[in-house]
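Data first, discussion second: the structure below is written as structure tokens.
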Amino acid sequence: MRQTIFITVLGHFGAAFAALCMPPFYAHILQQNFSSQALVMAGWYFTLPTLAAAISNPLWGKLADRIGIRASLIRAHWGLCLSFIITGMARTPWEFAFGLTLQGLLGGTFAASNAFLASFLPGKRLATLLSVMQGSARTALFAGPAIIGLFSDGQNLLHIFFYLAIFPGLAGLILYLLPAKTSIPAAHTVTDNTGTAPAEAGALSASSLYRYQALFTIGTVLTYPYFVIDLAQRLNMSAAWAGALFGLPHALFLVLAWPIGRHVNFSNAQTALARFSALTCAGLLLQVLANNLPLLATGRILMGAGMTGAYLAINALAASTTRKASAGQHFGKLEGANKWGAVMAGILASGLATSMSYTAPIWLACALLASLSIFIESKRL
């Protein structure tokens, strides 16, 4: 079983690295390979895979419960591999857009990996592994663009998609060669014989968790699109400093996940989500009011701690509401809620920034996260 877990996590890291390392270079790829007029569409290329994934993940999850979780995970890896190859073959902006859309439609390795782990891990250990998966995605998000940047000089970055296809392709092959069944003692199953969630899950329903996930995603992703340009205008900050501060909360996840995770469990996950959402809100509030670098950095640190705790709480709630018979559908819907939240955040951020100011999305994010915290706490009273 350890071998299966290791390969699953490593395979997801490879797929996440391949998927997350290229988006910062889309504008460069468009300028390098296509007409300069295509640059005006660069922002839309960012949303295509996310929108496609928001639509497809719940459907793939439902199918996974019918065809088998392991088969679904292999499909996700090989689908991502195929979409990378097609993207690398693009000769027009439309073909490039088609390849990116396929990455969202045919991928879904995060949800598929989580569902696969849920099919043979007990609830508490599943929550821990979900946090490890979250950490692998954060590592890929942090390290991927930096590594690809080393090869950007004099190289056609579009062709790197061919090399990136190796990661999910190899992961799918290794999973295919693993034994089809992973047996564990009956006492360690995710659900009991009736198929109900563990007792620690409390009164929270899976549908409520999906709404919490979507709202938290909107509240955080709202601040992403105009972060660099806001700091350049408001604090006259260089792109290098702004980029480092942008990555700070994601890097903190890798540092804080273990110590915070020791205090988040099934019994207090809802309370933790409410309070860490409030901490994230406080961090954003400090950022939007900051007039110097130390205050801004403090706000980013608070945001990082809040995001880490909130993600760990969501992972615990996801594990506690999992039913083995419908694990694929459960994690597909959860990741779908995350993707729809990201799409909605991008739309709202664009509208607010262009019609009001670059700080307007941050103010809305504060309001949403505060509302989420208050709502969860009021439901518990």
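The values are calculated or read from the model by the stated rules, or taken from the named source; none is laboratory data. Quick caveat: nothing in here was measured; it's all calculated off a predicted structure. Here Cβ is always computed from backbone atoms with ideal geometry, including for glycine, and neighbour counts include all displayed protein chains.
Got a sec? Which of 238, 277, 207 is under 25 Å from residue 334 (Cβ atoms), free of Cβ contacts under 8 Å to residues at least 60 places away in the same chain and among the small types (Gly, Ala, Ser)? Criteria check complete, one pass: 207.
Being among the hydrophobic types (A, V, I, L, M, F, W, C) and within 28 Å of residue 128 (Cα to Cα) holds for only one residue in 286, 296, 302, 364, and it is 302. Considering only the stretch 36-51, I want to know if a residue exists there that is under 21 Å from residue 339 (Cβ atoms), within 20 Å of the chain's Cα centre (by Cα), small (Gly, Ala, Ser) and crowded, with 16+ Cβ neighbours inside 10 Å. Looking for residues that are under 21 Å from residue 339 (Cβ atoms), within 20 Å of the chain's Cα centre (by Cα), small (Gly, Ala, Ser) and crowded, with 16+ Cβ neighbours inside 10 Å, one finds none in the stretch 36-51, hence no.
Condition check: touching a residue at least 40 places away in the same chain (Cβ under 8 Å), outside the structural domain of residue 134 (by TED's automatic domain parsing) and assigned to a helix (DSSP H, G or I). Does residue 304 satisfy that? Taking the combined requirement at face value, the residue satisfies it.
Scanning the stretch 57-98 for residues that are surrounded by fewer than 22 Cβ atoms within 10 Å (Cβ to Cβ), of a type outside the set (A, V, I, L, M) and under 23 Å from residue 44 (Cβ atoms) yields 88, 91, 92, 93, 94, 95, 98. The set of residues from the stretch 58-96 being within 22 Å of the chain's Cα centre (by Cα), over 20 Å from residue 133 (Cβ atoms) and at pLDDT below 90 comprises 59, 62, 63.
The residues of the stretch 131-186 that are among the aromatic types (Phe, Trp, Tyr) and either assigned to a loop (DSSP other than H, G, I, E, B) or at pLDDT below 85 (or both), listed by number, are 142, 151. For residue 322, the conditions (1) assigned to a helix (DSSP H, G or I); (2) touching a Gly at 6+ places or on another chain (Cβ under 9 Å); (3) within 30 Å of residue 120 (Cβ to Cβ) all hold with the exception of (1).
Within the set 246, 227, 331, the sole residue that is more than 30 Å from residue 59 (Cα to Cα), under 18 Å from the mean Cα position of the chain (by Cα) and hydrophobic (A, V, I, L, M, F, W, C) turns out to be 246. No other residue among 276, 331 is more than 22 Å from residue 364 (Cβ to Cβ), crowded, with 22+ Cβ neighbours inside 10 Å and outside the structural domain of residue 129 (by TED's automatic domain parsing) apart from 331.
Quick one: would you say residue 310 is surrounded by fewer than 24 Cβ atoms within 10 Å (Cβ to Cβ), within 30 Å of residue 229 (Cα to Cα) and out of contact with any Gly (no Cβ under 6 Å at 6 or more places or on another chain)? Criteria not met by residue 310. Evaluating residue 263 against the criteria (1) surrounded by fewer than 17 Cβ atoms within 10 Å (Cβ to Cβ); (2) touching a helix residue (DSSP H, G or I) at 6+ places or on another chain (Cβ under 9 Å); (3) over 21 Å from residue 123 (Cα atoms) leaves one unmet condition, (3). Comparison of 111, 115 shows that the only residue that is out of contact with any Asp or Glu (no Cβ under 6 Å at 6 or more places or on another chain) and either small (Gly, Ala, Ser) or on the phi < 0 side of the Ramachandran plot (or both) is 115.
Quick grid of which residues meet (1) within 18 Å of residue 336 (Cα to Cα); (2) assigned to a loop (DSSP other than H, G, I, E, B):
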site: 53; (1), (2): yes, no
site: 60; (1), (2): yes, no
site: 65; (1), (2): yes, no
site: 72; (1), (2): yes, no
site: 91; (1), (2): no, yes
site: 96; (1), (2): no, no
